[in-house]
Amino acid sequence: MSEIRRRDFGREQQARAAETIRATGTWVRTSDGWFASTSTMAPGERTADVFLYDREGLGYRAVPTAEVAQVEYVEAEGLYEGHWIPLVSTWKQDGTRVHGPVPRSSADYSAILYVYSSPDWHALVALPRAEVHDDRGGNGGVSFLVPMSDLSDCREKVILL
């Protein structure tokens, strides 16, 4: 029975992956679905409680480790104007931060794409929506606030923790 559930979950996960994207970070699956962790975790690391963001806004809650089914580190990227750029956060159009999987092609959500440095720097800063950050304070780079519908594609690299 558990083998069948694992296979079904794999299909469910593949279907979800085809329709949604998660921002870069540590993600925890509970019986209620996937949630972004408030902190990073090392492979195999488990504390008494895991702190997970609410799906929207900046609230969070403690979840006992016993309720954790899976932990993954996700490196997400969006294909914007021909460039794969790290996808670091997702937002609703009203400015609410989203800490859950979002539809890959919905105009109702936006992604923040961010790169600190790149061999393609001059091409990136010339793209529409480019916001170049002053690097004198150590927070340089270029970011883009882009509707999900403006991304040609999205991808996740997943590392099981």
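Each value in this text was obtained by applying a stated rule to the coordinates, not by laboratory testing. Values in this document were obtained by computation on a predicted structure and should not be read as measured data. Cβ coordinates were reconstructed from backbone atoms using ideal geometry, including for glycine residues, and neighbour counts include every protein chain displayed.
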(message) Can you compute the FRET efficiency between Phe51 and Ser152 using 1/(1 + (r/R0)^6), with r the Cβ-Cβ distance and R0 = 45 Å? Round to the nearest 0.05.
(response) 0.85
(request) Treating only the Cβ atoms of Lys and Arg (+1) and Asp and Glu (-1) as charged, compute the dipole magnitude of the range 106-156 about its Cα centre; round to the nearest 20 debye. (result) 100
(request) Show that you can apply the helix-only estimate: for the chain, add -39,500 (n - 2.57) for every DSSP H stretch of four or more residues, divide by all residues, and state [θ] at 222 nm to the nearest 500. (result) -4500 deg cm²/dmol
(request) Can you tell me the dipole magnitude for the chain around its Cα centre, using point charges on the Cβ only (Lys, Arg +1; Asp, Glu -1), in Debye to the nearest 20? (result) 380
